[in-house]
């Protein structure tokens, strides 16, 4: 409950801060899914679907991190060409 209240207050204070916090939560969640499925792959010997989903979530997390770094106003990776 406190985390949600903190996110709401950060959205009122600075939208860029809120956006980065939300994106980092999504990146950490995606990487955690990868770590769990990668370490549990020995239990899925006949079903290779779960490790595939874990690896896919890793790439989704990477794309989400790139999206967060190139968001307008962050200025970590400059995407303006002019």
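The values are calculated or read from the model by the stated rules, or taken from the named source; none is laboratory data. No experiment lies behind these values; they were computed from the predicted model shown. Glycine gets a Cβ as well: all are built from the backbone with ideal geometry, and neighbour counts include every protein chain shown.
Assorted remarks:
- Of 5, 40, 30, all but one fail to be without any contact (Cβ under 8 Å) to a residue 60 or more places away in the chain and within 19 Å of the chain's Cα centre (by Cα); the exception is 30.
- For segment 70-79, a tally of residues being at pLDDT 70 or above and on the phi < 0 side of the Ramachandran plot returns 6.
- The residues of segment 41-65 that are exposed (fewer than 13 other Cβ atoms within 10 Å of the Cβ) and under 30 Å from residue 15 (Cβ atoms), listed by number, are 59, 63.
- Unmet requirement for residue 77, which otherwise passes all of (1) surrounded by fewer than 16 Cβ atoms within 10 Å (Cβ to Cβ); (2) touching a helix residue (DSSP H, G or I) at 6+ places or on another chain (Cβ under 6 Å); (3) assigned to a helix (DSSP H, G or I): (3)
- Residue count for segment 15-29, restricted to those that are within 19 Å of residue 75 (Cβ to Cβ) and surrounded by 12 or more Cβ atoms within 10 Å (Cβ to Cβ): 10.
- Residue 14 fulfils the conditions (1) within 16 Å of residue 68 (Cβ to Cβ); (2) touching a helix residue (DSSP H, G or I) at 6+ places or on another chain (Cβ under 9 Å) except for a single criterion, (2).
Yes/no matrix, rows are residues, columns are (1) under 16 Å from residue 24 (Cα atoms); (2) in a loop (DSSP other than H, G, I, E, B); (3) at pLDDT below 85:
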{"residue": "46", "(1), (2), (3)": "no, yes, yes"}
{"residue": "50", "(1), (2), (3)": "no, no, no"}
{"residue": "56", "(1), (2), (3)": "no, no, no"}
{"residue": "59", "(1), (2), (3)": "yes, no, no"}
{"residue": "62", "(1), (2), (3)": "yes, no, no"}
{"residue": "65", "(1), (2), (3)": "yes, no, no"}
{"residue": "68", "(1), (2), (3)": "yes, no, no"}
{"residue": "81", "(1), (2), (3)": "no, yes, yes"}
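- Taking segment 30-40 as the range and being exposed (fewer than 14 other Cβ atoms within 10 Å of the Cβ) and assigned to a helix (DSSP H, G or I) as the test, the residues that pass are 32, 35, 36, 38, 39.
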